[in-house]
Amino acid sequence: MTTLDFPVGAERARRGAVAPNVFVIPAYNEEANLPRLIVDLEARPALFPPGSRIIIVDDGSRDRTAPIVENYDGDLPLELLSLGENQGPGAAFRAGFAEALEHCPDDGFVVTLEADTTSDLDALPRMLERAAAGADLVLASWKMQNVTRRRRFLSAAAGYVVRHALGVNAKTVSSFFRVYRARTLSSAMKRYGDNFIRERGFACKAEILANIARLGAKIEEVQVDLDWSRREGESKMPVARTILAYWRMLARQSFARQTA
């Protein structure tokens with residue numbers, strides 16, 4: 001077996017138990033969206049076997065994002081991880097992954113998604129099934145609805161460049177909505193250390209994908225609706241800065257591949 005091989009189905013059958021799902025959800029000024037996301041998650045108790053967690057990573061919000069989580073008294077295993085100041089999605093994922101893997105078994109799954117309710121959680125059971133069947137990383141492949149032309153173009157361009165420059169066979173490279181096998185994520189973090197996520201901004205998702213792909217991980221995609229009409233407020237993504245970050249990340253990844 002390689003370092004990423006793991007007989008998920010056989011191990012679960014032997015243990016006679018369902019492994020937990022640990023959610024890592026970065027949130028920056030999402031007080032208008034977070035309550036609706038919580039309601040959506042509450043309606044899906046099957047997503048939370050014993051030992052599951054939902055880690056809301058507050059990335060220095062200036063609104064009521066943190067108090068909404070702190071004051072929650074429902075049935076969800078909701079936790080707050082506060083970064084104190086706004087550092088960007090890259091830092092939020094670094095901190096969230098470290099916390100998630102602290103007590104997550106190798107056959108568990110780490111689920112990441114947007115806090116703004118744009119991702120269709122009806123797709124999550126199918127994504128988890130693919131991961132349980134052996135995929136190391138399952139990506140949400142966007143079917144965009146009510147999305148601006150500029151955002152459509154940026155997503156398509158990012159996917160094209162990453163596929164052709166890095167040889168990563170994936171249609172959607174920038175979505176937060178993913179399922180990682182815990183063993184795979186842990187192996188990647190140990191392998192790369194501080195270099196696993198160097199990008200502070202939204203290019204971090206393509207960087208994570210490229211790094212995991214370089215380890216020979218099995219990566220699959222599930223088509224998921226992305227509906228921007230569901231969110232409140234404007235996108236937090238600075239387009240020009242994100243494009244520059246993609247080029248910086250691609251140059252770094254290309255160099256790593258050449259010297260490997």
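The values are calculated or read from the model by the stated rules, or taken from the named source; none is laboratory data. Only a predicted model underlies this, so the values are computations on that prediction, with no experimental measurement involved. Every residue, glycine as well, gets a Cβ built from its backbone with ideal geometry; the counts of neighbours run over all protein chains shown.
Which of the residues belonging to the range 173-202 are touching a helix residue (DSSP H, G or I) at 6+ places or on another chain (Cβ under 7 Å) and in a strand (DSSP E or B)?
Of everything in the range 173-202, those that are touching a helix residue (DSSP H, G or I) at 6+ places or on another chain (Cβ under 7 Å) and in a strand (DSSP E or B) turn out to be 179, 181.
Scanning for something modelled with pLDDT of 75 or more, touching a Phe, Trp or Tyr at 6+ places or on another chain (Cβ under 7 Å), part of a helix (DSSP H, G or I) and of a type outside the set (Ser, Thr, Tyr), does the range 151-171 turn up at least one residue?
No, every residue in the range 151-171 fails to be modelled with pLDDT of 75 or more, touching a Phe, Trp or Tyr at 6+ places or on another chain (Cβ under 7 Å), part of a helix (DSSP H, G or I) and of a type outside the set (Ser, Thr, Tyr).
Could you tell me whether any residue of the range 14-23 is at pLDDT 95 or above and either part of a loop (DSSP other than H, G, I, E, B) or farther than 29 Å from residue 207 by Cβ (or both)?
Checked the range 14-23: at least one residue is at pLDDT 95 or above and either part of a loop (DSSP other than H, G, I, E, B) or farther than 29 Å from residue 207 by Cβ (or both).
Kindly list, by first and then second residue, each pair from a residue in the range 109-133 that is closer than 16 Å to residue 48 by Cβ to a residue that is acidic (Asp, Glu) and not in a strand (DSSP E or B), limited to pairs with Cβ atoms under 7 Å and residues at least 6 apart or on different chains.
As it stands, the answer is 121/40, since those pairs meet every condition given.
Pull up the range 188-229, narrow it to residues that are surrounded by fewer than 18 Cβ atoms within 10 Å (Cβ to Cβ) and of a type in the set (S, T, N, Q), then point me to the one that is nearest to residue 134 (Cα to Cα).
223
Given (1) at pLDDT 95 or above; (2) touching a strand residue (DSSP E or B) at 6+ places or on another chain (Cβ under 7 Å), identify the lone condition not met by residue 75.
The number of the failed condition is (2).
Identify all residues within the range 67-76 that are surrounded by fewer than 17 Cβ atoms within 10 Å (Cβ to Cβ) and in contact (Cβ under 8 Å) with a residue 12 or more places away in the chain; write none if there are none.
Once the filter is applied, which keeps residues that are surrounded by fewer than 17 Cβ atoms within 10 Å (Cβ to Cβ) and in contact (Cβ under 8 Å) with a residue 12 or more places away in the chain, the range 67-76 yields 74, 75.
Among the strands (runs of 3 or more DSSP E) lying completely within the range 39-149, list those that include at least 1 residues that are of a type outside the set (A, V, I, L, M, F, W, C) and over 28 Å from residue 210 (Cβ atoms).
Qualifying strands (runs of 3 or more DSSP E): 78-82.
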